[in-house]
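This report refers to the structure that appears directly beneath it.
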Amino acid sequence: MRIGELAARTGASVRSLRYYEEQGLLTSTRSAGGQRHYTEDDIERVAFIQRLYKAGLSSRTIMELMPCRDAPSDENSDAALERMAKERDRLSAHIEDLLNTRDALDGLMVAAQTHRDTRRTAA
């Protein structure tokens, strides 16, 4: 199938499919005219890639996880689970940083409201 059909069948944009290919996540064969051609298996591959992107993973991390899909084994599964755990830890730390930032902003807002209210009552 050509790239437009793969896009239609997966819900991915043509631009995304080209990006996946640039990143080494997806491969195609080329016709004599240079058109990309994909297989039926690529539909599931794109769906898998999309799920990983939706989980907040980078293309580099997704590339590290692909052996689990392409060559299933206990070793590849263990490596994928370890990599995903590291990503989860990274996201948890980022969430904690965001919560701290939000709390600091809340404190500034309280101080600003108190200052405003004090100024109003003094006037």
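Tell me, yes or no, whether the stretch 68-76 has at least one residue that is closer than 20 Å to Val14 by Cβ, in the same structural domain as Leu17 (by TED's automatic domain parsing) and either assigned to a helix (DSSP H, G or I) or touching a Cys at 6+ places or on another chain (Cβ under 9 Å) (or both).
Kept after step one, since they are closer than 20 Å to Val14 by Cβ, are these residues of the stretch 68-76: none.
No: the stretch 68-76 contains no residue that is closer than 20 Å to Val14 by Cβ, in the same structural domain as Leu17 (by TED's automatic domain parsing) and either assigned to a helix (DSSP H, G or I) or touching a Cys at 6+ places or on another chain (Cβ under 9 Å) (or both).
From Ile43, Ile49, which residue is under 19 Å from Leu17 (Cβ atoms) and either within 12 Å of the chain's Cα centre (by Cα) or among the basic types (Lys, Arg) (or both)?
Checking each option against the conditions leaves just Ile49.
So that you can scan it fast, the table gives a plain yes or no per residue for (1) over 20 Å from Arg15 (Cβ atoms); (2) outside the structural domain of Ala8 (by TED's automatic domain parsing); (3) touching a residue at least 12 places away in the same chain (Cβ under 8 Å):
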site: Leu26; (1), (2), (3): no, no, yes
site: Arg36; (1), (2), (3): no, no, yes
site: Asp42; (1), (2), (3): no, no, yes
site: Gln50; (1), (2), (3): no, no, yes
site: Lys54; (1), (2), (3): no, no, no
site: Ser59; (1), (2), (3): no, no, yes
site: Met63; (1), (2), (3): no, no, yes
site: Asp78; (1), (2), (3): yes, yes, no
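For the stretch 55-70, what are the residues that are over 14 Å from the mean Cα position of the chain (by Cα) and loosely packed, with under 13 Cβ neighbours inside 10 Å?
Asp70
Restrict the check to the stretch 34-53 and report whether at least one residue is farther than 18 Å from Ala7 by Cα and at pLDDT below 95.
No - not one qualifying residue is present in the stretch 34-53.
Based on this model, can you work out whether Arg18 counts as within 23 Å of Glu5 (Cα to Cα), surrounded by 12 or more Cβ atoms within 10 Å (Cβ to Cβ) and of a type outside the set (Val, Ile, Thr)?
yes
The values are calculated or read from the model by the stated rules, or taken from the named source; none is laboratory data. Given the structure is predicted, the values throughout are model-derived calculations rather than measurements. Counting neighbours? That spans all protein chains shown, and the Cβs are built from the backbone with ideal geometry, glycine included.
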